[in-house]
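Note sheet for the following structure.
The values are calculated or read from the model by the stated rules, or taken from the named source; none is laboratory data. Keep in mind that what you see is a predicted model, and the values were worked out from it rather than measured. Quick note on the areas: whole protein, heavy atoms, side chains included, nothing else; ligands and nucleic acids left out. Shrake-Rupley method; radii C 1.70, N 1.55, O 1.52, S 1.80 Å.
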Amino acid sequence: MKTKFIGIKELRQNMAKVSSQAYKKNERLIVLRKNTPLFELRPLSSEDSLAEIFRRDIEVAQQDVRDGKVYSQTETKKILGL
């Protein structure tokens, strides 16, 4: 993956164009403010994307458990018609 440095002002002004080019060229962007790195932007691979969706689903499920939004085994069998 190629690395490209970009100023925060240029990123703000041309976000759509810059992000599209970075995605197409598989470039990692290091965003700078006054020549100091602030953060990194990089395109997600399909594996990264799936991992992120899976992580989000786990967080939702954990919150459901904390909120008591769960079914017992008997309720689950009844819902599934078993």
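With the helix formula -39500 (n - 2.57) applied to DSSP H stretches of n ≥ 4, the chain reaches a computed 222 nm mean residue ellipticity of -17000 deg cm²/dmol. Within straight-line reach of LYS4, meaning a Cα separation under 20 Å, sit the following lysines at least 8 residues removed in sequence or on another chain: LYS17, LYS24, LYS25, LYS34. Can you give the angle from 0 to 90° between the axis of helix 15-25 and the longest principal axis of the chain, with both taken from C-alpha atoms, to the nearest 10? Here the helix axis deviates by roughly 80 degrees. Note on LEU82 and ASN35: the extension gain reaches 10.6 nm, defined as 0.36 nm multiplied by sequence separation minus the Cα-Cα distance.
Residues of the chain: accessible area per residue at 1.4 Å, in Å²? Write down the numbers at each step before the final one.
Working: 7100 Å² over 82 residues.
For the chain, the per-residue accessible area is 87 Å².
The structure-derived value of semi-axes √(5λ) of the Cα gyration tensor in Å appears in the list (1) 24, 15, 10; (2) 18, 14, 12; (3) 44, 15, 10 under the label (3).
Roughly speaking, to the nearest percent, how much of the chain's 1.4 Å accessible area is carbon and sulfur? It would help to have the intermediate numbers written out before the result.
Working: 3860 of 7100 Å².
Exposed carbon and sulfur together represent 54 percent of the surface.
Taking every C-alpha pair closer than 8 Å and separated by at least 6 residues, the mean separation divided by the residue count of the chain gives a relative contact order of 22 percent.
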